[in-house]
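The values are calculated or read from the model by the stated rules, or taken from the named source; none is laboratory data. This one's a predicted model, so the numbers in the text were calculated from it and none came from an experiment. Positions of Cβ are backbone-derived with ideal geometry, glycine not excepted, and every protein chain shown enters the neighbour counts. The accessibility values were calculated without ligands, DNA or RNA, using every heavy atom of the protein model including side chains. Shrake-Rupley method; radii C 1.70, N 1.55, O 1.52, S 1.80 Å.
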Amino acid sequence: MWQLMVSILILGVIGSALKWIGVALNIIFLYFILPVAGLSIIYVVGRSVYHAFNPEAKQAYLERRAKDAERYRREKDRDEAEARAKKELEEAERRREELERQRHRDADQQVTPYTYKIGKHGNESLAIRYGIANQERKVKEYWYYAKGGEQKRNPSRDRVLYEPANAIRLQKTRRISKDLYEVLLTDFRDRKARAVIEPGAEYVKTFYPLDDDWFVKNSDLEEALKGNNSFTLKELATFHIQKAVGL
């Protein structure tokens, strides 16, 4: 029984809503749409009749429309031309900056440092041959769920991690051979080093020791550590320091 009463009540509400929607639509049509449409028709018909009896007025009207259309076309062409010119200037500036960046990258002697990419082999050679761990500091944020399910961060419990960096800042000071350069490690107190950077490359391939005798004197260290995935960069650099100080 109560299900029937609820259904009747819902149908009544829907019917009442539809009734008010119909009333609103009628008001909109009668007081807004119909007057606007009527005035538009009256204006068009009146103008046509006026032009039929006044050819000069019609001609003047057509000339005004033609002038307005021409002015609009010229303004549109001007705006498009300005937009094209602006885009061409921006592209020219980007090309200039890119050429300048490439000249800086490929210069045999650089006035300012350049940031090169570096991979696993380059980082390992720097650690083994110079005792430098090229790492970047990363923070692993500590988040927890507080009362009420709100997620909050506790900076005091963040973990600081050091991972091998994928870039290194160098400044070339002298070209030694085709792709071997004497460089300054600007992020490591301008330590001198020798780096292999192929022409046009964005990355450092490897690092050579300052003295070629290194390969003879430290062949055991090179053989033991090179390509050894058991150690971190910091540990590889530590082995170099220990060897250098005779530990």
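Taken together, TYR162, TYR181, TYR114, TYR145 contain a single residue that is under 21 Å from LEU236 (Cβ atoms), touching a strand residue (DSSP E or B) at 6+ places or on another chain (Cβ under 7 Å) and of a type outside the set (Asp, Glu), which is TYR162.
Counting only helices (runs of 4 or more DSSP H) that sit wholly inside the stretch 168-247, those with at least 1 residues that are at pLDDT 90 or above and either open to solvent by less than 20 Å² (accessible area, probe 1.4 Å) or of a type outside the set (Phe, Trp, Tyr) (or both) are 233-245.
Considering only residues in the stretch 125-158 that are assigned to a loop (DSSP other than H, G, I, E, B) and open to solvent by 30 Å² or more (accessible area, probe 1.4 Å), the one that is farthest from PRO209 (Cα to Cα) turns out to be GLU150.
When the residues of the stretch 84-124 are filtered to those that are open to solvent by less than 60 Å² (accessible area, probe 1.4 Å) and more than 30 Å from PRO209 (Cβ to Cβ), the one that is modelled with the lowest pLDDT is ALA85. Pairs linking a residue in the stretch 189-209 that is at positive phi to a residue that is of a type in the set (D, E, K, R), with Cβ atoms under 9 Å and 6 or more positions apart or on different chains, are GLY200/ARG105; GLY200/ASP106.
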